[in-house]
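Reviewing the structure listed below.
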């Protein structure tokens with residue numbers, strides 16, 4: 001199997017496949033990028049994990065280059081299972097590469113397609129106040145998030161779920177189901193269905209500014225941002241040119257009760273300690289924030 005991923009949770013899939021005696025022969029990951037406050041060029045978490053576990057990795061900038069096809073073709077010749085698996089990779093796979101895989105490339109997407117295709121399906125489901133979402137495993141085509149659907153499963157969204165907790169639930173459910181799914185897939189016992197032409201709106205690649213809470217927000221939309229952006233970009237306010245990050249909060253008597261807060265460049269602290277040291281900033285917070 002050839003795996004495509006650039007995500008820290010690739011580790012969970014790697015360990016799952018290892019327990020199932022499934023062999024990942026190659027990781028295809030995004031190329032190193034500048035990250036962090038100092039903008040140092042570094043490999044992504046999946047790439048680093050693969051190297052630590054002596055798994056062969058390639059990280060091409062352009063998947064259409066001939067040397068990428070050659071590399072993948074060489075690995076596939078030695079593989080018993082000539083299929084690929086995608087989890088949070090970050091690039092569209094060109095048809096020239098898809099065609100190399102005799103049994104196709106499977107992708108796990110964190111929504112019930114055709115709802116919420118694109119880059120941020122979990123965040124958008126939370127922002128929209130959805131009560132459930134789920135995952136879709138499908139055989140990819142050259143079009144983004146389109147192809148033959150193998151299986152879909154619903155997952156409930158609880159009122160206290162944030163991006164991280166909901167994503168973890170979906171991954172756990174998917175990993176529990178994967179042995180049966182892959183077994184049936186290999187035996188051609190899965191009835192597939194085409195993705196609907198009536199796609200929902202494509203979810204976008206997030207920007208840091210998406211997390212900003214302003215006085216135009218309501219209590220409901222502010223809470224949704226805190227939950228949806230718990231990993232990145234984090235929900236925040238700009239007050240007196242200071243970026244104030246809100247890590248966790250809850251609704252108390254129709255007000256936003258902040259629990260863990262952080263002045264950018266400082267460590268996160270509880271709201272009571274923050275209030276004691278920054279009374280002036282509290283007076284400029286939106287009216288729906290509980291400040292005492």
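The values are calculated or read from the model by the stated rules, or taken from the named source; none is laboratory data. These numbers come from a predicted model, not from an experiment. In this analysis, Cβ positions are derived from the backbone assuming ideal geometry, glycine residues included, and neighbour counts consider all displayed protein chains.
Among what's in the stretch 24-57 and is in a loop (DSSP other than H, G, I, E, B) and touching a residue at least 40 places away in the same chain (Cβ under 8 Å), pick the residue that is surrounded by the most Cβ atoms within 10 Å (Cβ to Cβ). It comes out as 29.
Scanning the stretch 224-247 for residues that are out of contact with any helix residue (DSSP H, G or I) (no Cβ under 7 Å at 6 or more places or on another chain), without any contact (Cβ under 8 Å) to a residue 24 or more places away in the chain and within 27 Å of residue 125 (Cβ to Cβ) yields 243, 245, 247. In this entry, residue 102 is excluded by the filter for residues that are surrounded by fewer than 21 Cβ atoms within 10 Å (Cβ to Cβ), assigned by TED's automatic domain parsing to the domain that holds residue 125, part of a helix (DSSP H, G or I) and touching a residue at least 12 places away in the same chain (Cβ under 8 Å).
Within the span defined as the stretch 169-177, one or more residues are modelled with pLDDT of 95 or more, in contact with a helix residue (DSSP H, G or I) (Cβ under 7 Å, 6 or more places away or on another chain), closer than 21 Å to residue 1 by Cβ and in the same structural domain as residue 18 (by TED's automatic domain parsing).
Quick check: is even one residue across the stretch 192-206 touching a strand residue (DSSP E or B) at 6+ places or on another chain (Cβ under 8 Å), without any contact (Cβ under 8 Å) to a residue 40 or more places away in the chain, surrounded by 15 or more Cβ atoms within 10 Å (Cβ to Cβ) and on the phi < 0 side of the Ramachandran plot? Scanning the stretch 192-206 turns up no residue that is touching a strand residue (DSSP E or B) at 6+ places or on another chain (Cβ under 8 Å), without any contact (Cβ under 8 Å) to a residue 40 or more places away in the chain, surrounded by 15 or more Cβ atoms within 10 Å (Cβ to Cβ) and on the phi < 0 side of the Ramachandran plot.
May I ask you to verify whether residue 77 is under 27 Å from residue 135 (Cα atoms), without any contact (Cβ under 8 Å) to a residue 24 or more places away in the chain and out of contact with any helix residue (DSSP H, G or I) (no Cβ under 7 Å at 6 or more places or on another chain)?
Taking the combined requirement at face value, the residue does not satisfy it.
Would you pick out the residues in the stretch 133-159 that are in a loop (DSSP other than H, G, I, E, B) and in contact (Cβ under 8 Å) with a residue 12 or more places away in the chain? Hits for the stretch 133-159 are 141, 142, 144, 145, 146, 157.
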